[in-house]
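Chemist: Sharing a structure below in C-alpha cells format, with a few things to ask.
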Amino acid sequence: MKRDRQFRPLPVPSVDVQGLFGDRQDAICDSTAATLLDRCVEAGMVKAIDTSIPSPGVIIPIQPWGGTTQMFWDSDLGKSIETVAYSLYRRANPELEARVDAIIDLYEKLQNEDGYLNAWFQRVQPERRWTNLRDHHELYCAGHLMEGAVAYYQATGKKKLLDIMCRYADYLITVFGRGPGQMPGYCGHEEVELALVKLARVTGEKKYLDLSKFFVDERGTEPHFFTDEALRDGRDVADFHQKTYEYGQSHVPVREQTKVVGHAVRAMYLYAGMADIATEYKDDSLTAALETLWDDLTTKQMYVTGGIGPAAANEGFTDYYDLPNETAYAETCASVGLVFWANRMLGRGPNRRYADIMEQALYNGAMAGLSLDGKTFFYENPLESGGKHHRWVWHHCPCCPPNIARLLASIGSYMYAVADNEIAVHLYGESQARFEIGGAKIELSQKTNYPWEGAIHFGVKADKPARFAITLRVPGWAEGATLKVNGEAIDIASVTIDGYARIERDWKSGDAIDLEIPLAPRAIFANPLVRQDAGRTALMRGPLVYCVEATDNGEGLNRLTLTGDLGKAKTSTVDALRGAVALDLPAQRDAADWGTALYRTSPPKQEETTARFVPYPFWDNRTPGEMLVWVRTGAASGE
C-alpha cells in the first residue's frame, strides 16, 4: 500500500442513499431521532444543562469507582444531536430541529466564560473539574459534543453549536500540553482525538489536529499521567476500576502497543483517532502500530459478526480465541467503533483488508443493534440465545442507541472517500455521490439491490471531462467477480491493487461501470482454537452472517445439524424482514424421542428437515425466541 496518499470521506450531505441503507435511514427519520431526544429528556439530561432551574444533582448514584453514568450525559446528548443532524439532511423536520436548537441554546448559556462546558462538572461537582481524567470522561463528553456540532453545522448551516465547541477546543489548547502550567494529560475514555480531527477538517484549523496529535502521542508515556494525577488528588494509585492501565490502552505509548487489550470501545476510538492522525500527518510509525494491532484483533479476537469484546466484566477483551457465543458481550458500540477504525485505516489508501472487515462489522455486529422499526436497541450482541435476549427501550448507560443511529444515518460518508485524483468506493448500495476532482464536478451513482443481489451499475455525470481513477473494492469472498467499462470486459485481476479494481481514464458524462459480485452462500469454519465453535458451521452470503431463529425452525435450535450442499440452498424473501433474503437448506433434527432420562447410551434419532436461515442483523424483529449462528455440521455441509 502506498502510504503517501490521503483519502478523506465524503461529507454526509454529499451522498444520498437508498436500498437497505436508505431503509435504515428512513427508520431513523421516522422513529429513532425523536426517540433519542424523548428519552434523553425523560432521563433528565436536558434539565441537567438548563441553568434557569436548580441543578437536579445526582440522579444516577455514584458507583464504587467514584463516578456515575450520569457523568456521560453530555456525550449522549452530543450523539443524539449528531443523529438528528443527519436525519434532518435526509428529511426536513422543523419540530425536531427546533428541539435541538433549544438544547443548543441551553449549552450556550451553560458554557463558562473561559470556554469550559460540562454539565456534571459545572452543575454537580464543580470542585472536581480536571481532577480525574482517568475515570470521569470529561474529554470524552467534549468529543461527542464536537462531533454533534460538526454534523449539525453540515446539515443545517447553523454555526452556534460549532462556535461553542470551537471556543471549548480553544480553551483545551491552553489547558493541555507540555508548556508551563499545562497538563500533560489525556482522557481515560478516548474519543476526543477523532472528534478534534473532524473539527479541524470542517474549520480548516490545524491547531485542533495538533491537539489531537498531542493526546495520541502523550498516551501511556512515563512518568504516567494517571499515576501523577491520582497522587495529586489524594487517591490510592493502585485502587481503581479494573486496576490496570490496559483497560484504557494507556499501559505503554501507543506506538509500542502490539496487542488489543482492555475496554473494547475505548480501544476502537483510540485506534480510529490514531489512524486519522496517521493520515493527516503521514505518520508511518502510527500506521505500522495500527497494522500490528489490526492483525491481532481480526485473527484472534473477533467474532464472525465483527463483534468484539467477549466479556461483560471489562466490556472488552480477554484471551486469544475466547469467543463464547451465548454470553458474548460484543457491545454494539464496539462494532460501531470497529467500523470507525476500519474506515480511517483507508485514509492512506484503499485496501480490502480493512474495508472487508468494515463491511462485516457494519452489517452484522453494528446494524443488529437497531430494530427494524428504529425504536428498540441491543447493547450486547450474542451469537446464541435461549430466547431471553431481546432489545430494550432504554438503558442506564444509553451509549449504544445514538451510536448505531449516527453511524447508519451518516453511512454515505463511509461508502466513498476521495483523494486528489481518485474516488474510492468502499461499500456498495443504491446511492449517489457528489464530489469535485480533477477540476470537474462529478456525480457517481450506484444502481444496485446489494446486499441481496450482486449486480452493481455505476453511472458517471460530469460537468466536463476529467482524468481520475475510480477504485472499486472487490471483496475477498467474491470469487468470480467481473468488471465492464462502457460494456467492454476488463480483466479484473490486471487492475486490482490491494483488493480494489482501479480504473484510471478520462471520464465523461454517460460513462458506465458494471461490477458483478457473486453472492453464493458460503460455509464459515472457526479456527480450531475457538473451542466454542468446534464441529459447527456459520453461514454467510455476501457481507451478511446468517442465523436460525425459533420463529422459523421451532424450539431447540441446537438439535439442528446441517447436512446439505450449500450450492443447493434456496433463496426467498421475507416480507416481515423488509424483503431480506432467507436461505433454506437441507438439515437434520434430533428426534423428540429422548424421554425423561438426562443421559442414555444411544444418540437421538435423526429426522430430515429444512433449516431456514435469516440475516443475523435482523434477528429478534419478529416473534421472540431462540437464535443460533453456529450450527452443528454434518458430513455434506460446506461442500
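Chemist: Which condition number in (1) of a type outside the set (Val, Ile, Thr); (2) surrounded by fewer than 24 Cβ atoms within 10 Å (Cβ to Cβ); (3) modelled with pLDDT under 95 is the one that residue 384 fails?
Modeler: The single condition residue 384 does not satisfy is (3).
Chemist: Ok, one more. Test of understanding: among 279, 298, 258, which residue is free of Cβ contacts under 8 Å to residues at least 60 places away in the same chain and either surrounded by 23 or more Cβ atoms within 10 Å (Cβ to Cβ) or part of a helix (DSSP H, G or I) (or both)?
Modeler: Answer to the selection: 298.
Chemist: Give the range 213-261 a look and list any residue that's among the aliphatic types (A, V, I, L, M), touching a helix residue (DSSP H, G or I) at 6+ places or on another chain (Cβ under 8 Å) and either at pLDDT 95 or above or more than 20 Å from residue 314 (Cβ to Cβ) (or both), or say none.
Modeler: 216, 254, 260, 261 - these are the residues of the range 213-261 that are among the aliphatic types (A, V, I, L, M), touching a helix residue (DSSP H, G or I) at 6+ places or on another chain (Cβ under 8 Å) and either at pLDDT 95 or above or more than 20 Å from residue 314 (Cβ to Cβ) (or both).
Chemist: Sticking with this one: All but one of (1) assigned to a loop (DSSP other than H, G, I, E, B); (2) surrounded by fewer than 16 Cβ atoms within 10 Å (Cβ to Cβ) hold for residue 228; state the number of the condition that does not hold.
Modeler: So the condition that residue 228 fails would be (1).
Chemist: Residues 80, 31: which one is surrounded by 22 or more Cβ atoms within 10 Å (Cβ to Cβ), assigned to a helix (DSSP H, G or I) and either in the same structural domain as residue 580 (by TED's automatic domain parsing) or not acidic (Asp, Glu) (or both)?
Modeler: After applying the criteria, what remains is 80.
Chemist: Looking at the structure I just gave you, is residue 537 assigned to a helix (DSSP H, G or I) and under 28 Å from residue 581 (Cβ atoms)?
Modeler: no
Chemist: Here's another thing I want to ask about it. Identify, from the list 98, 85, the residue that is assigned to a helix (DSSP H, G or I) and either within 27 Å of residue 418 (Cβ to Cβ) or of a type in the set (Lys, Arg) (or both).
Modeler: None of the other options fit; the residue is 85.
Chemist: For residue 288, state whether it is in the same structural domain as residue 191 (by TED's automatic domain parsing), crowded, with 21+ Cβ neighbours inside 10 Å, more than 30 Å from residue 392 (Cβ to Cβ) and among the aliphatic types (A, V, I, L, M).
Modeler: The answer is no for residue 288.
Chemist: Here's something else I'd like to know. At pLDDT 95 or above and of a type in the set (S, T, N, Q): is that true of residue 573 in this structure?
Modeler: yes
Chemist: Would you mention how many residues in the range 532-586 are surrounded by fewer than 20 Cβ atoms within 10 Å (Cβ to Cβ), closer than 21 Å to residue 370 by Cα and touching a Leu at 6+ places or on another chain (Cβ under 8 Å)?
Modeler: 3
Chemist: Can you name the residue in the range 568-596 that is within 32 Å of the chain's Cα centre (by Cα) and of a type in the set (Gly, Ala, Ser) and, of all such residues, is nearest to residue 520 (Cα to Cα)?
Modeler: Checked the range 568-596; the qualifying residue nearest to residue 520 (Cα to Cα) is 569.
Chemist: OK, next. Please indicate, with yes or no, whether at least one residue in the range 127-134 is in a loop (DSSP other than H, G, I, E, B) and β-branched (Val, Ile, Thr).
Modeler: Scanning the range 127-134 turns up at least one residue that is in a loop (DSSP other than H, G, I, E, B) and β-branched (Val, Ile, Thr).
Chemist: Okay, next question. Restricting to the range 493-515, name every residue that is of a type in the set (A, V, I, L, M), touching a Ser or Thr at 6+ places or on another chain (Cβ under 9 Å) and closer than 12 Å to residue 458 by Cα.
Modeler: Within the range 493-515, 515 is the sole residue that qualifies.
Chemist: Something else about it: Output the residues belonging to the range 401-414 that are buried (at least 24 other Cβ atoms within 10 Å of the Cβ) and touching a strand residue (DSSP E or B) at 6+ places or on another chain (Cβ under 6 Å).
Modeler: 401, 404, 412
Chemist: Based on this model, can you work out whether residue 599 counts as surrounded by fewer than 22 Cβ atoms within 10 Å (Cβ to Cβ) and either touching a residue at least 60 places away in the same chain (Cβ under 8 Å) or outside the structural domain of residue 365 (by TED's automatic domain parsing) (or both)?
Modeler: For residue 599, the condition - surrounded by fewer than 22 Cβ atoms within 10 Å (Cβ to Cβ) and either touching a residue at least 60 places away in the same chain (Cβ under 8 Å) or outside the structural domain of residue 365 (by TED's automatic domain parsing) (or both) - is met.
Chemist: Suppose we filter 48, 43 for residues that are at pLDDT below 95 and more than 23 Å from the chain's Cα centre (by Cα); which single one remains?
Modeler: Only one candidate passes the filter, namely 43.
The values are calculated or read from the model by the stated rules, or taken from the named source; none is laboratory data. Given the structure is predicted, the values throughout are model-derived calculations rather than measurements. For neighbour counting, all protein chains shown are included, and Cβ atoms are generated from backbone atoms with ideal geometry for every residue, glycine included.
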